[in-house]
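Structure, as structure tokens:
Values quoted throughout were computed directly from the atomic coordinates according to the rules given, and no laboratory measurement underlies them. Just so you know, these numbers come straight off a predicted model, no measurement behind them. Positions of Cβ are backbone-derived with ideal geometry, glycine not excepted, and every protein chain shown enters the neighbour counts.
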Amino acid sequence: MFTGAMMSFRRSALEGLRHDARYKGASVGEDIDLCWTLWRRGARLAIVTDAHIVHNRAPRPASPPEEAQIASWGFLYQKHLPRTLGTRAAFAWYIVGVFLGALVTAVHERTLEPVRSAVAGVRAVWTDYADSTFLQSGGPDMAPTPPDVRDAPA
């Protein structure tokens, strides 16, 4: 799983591939979605170990990130992973971690906005992204990935 804008791909690897139509714009997970889709097509992903990258940590964004984190990982979970007890437990544990981080941030910044954002993320997953700021709800032309692809071993 690779994330970030510092990726490059061979043109042949991306041939015929399009981003999922449900993305409204940039999100937390579209790059991971791309990598998982390529991997399922048989592509090999590699890290260039001698690359030098400087990443300056940005301040907390004006828009709280918890909603995007939960909604995007929920989307990726539903699209790419089999619904096993283990993956369900892992996703639930992830949500607990985001909520704990939101609580710590809320106390530190003396605002409930991070907690509200986390609740909005869970709501987005629960309502098929009806109120999501970066994903559209599924429709007839936006069917989920077929089970034979989603249930392939990771």
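Each residue of the stretch 14-21 was assigned a 3J(HN,Hα) from its phi angle through the Karplus curve 6.51 cos²θ - 1.76 cosθ + 1.60 (θ = phi - 60°); the sequence is 8, 4, x, 9, 10, 4, 4, 5 Hz, with glycine and proline shown as x.
Highest mean first, the peptides 117-130, 31-44 sorted by other C-beta atoms within 10 Å per residue fall in the order 117-130, 31-44.
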